[in-house]
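Comments concern the structure below.
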Amino acid sequence: MASPQPTASRLGPAIAEESNSLGIGSTVTIRLMVIAAFFGGLGGWATVSTLESAAIAPGVVSAASNRKTVQHLEGGIIGEILVRDGDEVTAGQVLFRLDDTQPRATLDLMSGRRRPRDQTHCRARQPR
């Protein structure tokens with residue numbers, strides 16, 4: 001009788017053993033070695049090389065907390081700025097004035113709506 005042909009189920013353990021010899025652990029190890037060689041080479045180059053030139057520029061260092069954002073709660077249009085960049089200010093000092101055109105127009109509109117109602121109320125209270 002002829003020997004049976006090898007099937008995939010019979011080859012399964014042999015294939016599994018070959019794939020484990022170069023498995024996930026060795027792949028990770030190789031990748032880590034490449035990364036270590038890259039950074040090791042970069043660090044070695046940085047320690048032995050010298051700088052031929054550098055860019056020099058004047059500058060002022062200031063803490064970020066020195067600048068404060070000023071914002072009106074209801075918004076509006078700034079009519080006049082009373083301070084300049086770099087000025088030192090004190091607590092309570094007026095920094096800018098808002099343009100009063102829009103609030104004044106709103107006040108006039110509301111006052112105009114109120115007058116007829118007040119006149120009607122006064123007429124109702126007058127004795128006849």
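Using a 1.4 angstrom probe on the protein heavy atoms only, could you order 33, 110 from most to least accessible area?
On the way: 33 125, 110 100 Å².
Greatest to least solvent exposure: 33, 110.
Would you mind computing, in nm to one decimal, how far apart the modelled labels at residue 42 and residue 74 are, each placed 7 Å from Cα along Cα→Cβ?
The two pseudo-label positions are separated by 5.6 nm.
If R0 is 41 Å, what FRET efficiency do you get for residue 104 and residue 61 from their C-beta distance, rounded to 0.05? Please report the intermediate quantities before stating the final value.
Values: r = 45 Å, r/R0 = 1.10.
Efficiency, from the Cβ-Cβ distance: 0.35.
Spin-label point model (7 Å from Cα, Cβ direction): what's the residue 31 to residue 111 distance in nm?
7.5
For residue 106, what accessible area in Å² do you get when you roll a 1.4 Å probe over the heavy atoms of the protein chains, rounding to the nearest 10?
70
The values are calculated or read from the model by the stated rules, or taken from the named source; none is laboratory data. Bear in mind the structure is a predicted one, so any value in this text is a computation, not a measurement. Ideal geometry is used to build each Cβ from the backbone, glycine not excepted, and the neighbour counts take in all protein chains shown. What goes into the accessible areas is simple: the full protein's heavy atoms, side chains included, and nothing from ligands, DNA or RNA. Shrake-Rupley method; radii C 1.70, N 1.55, O 1.52, S 1.80 Å.
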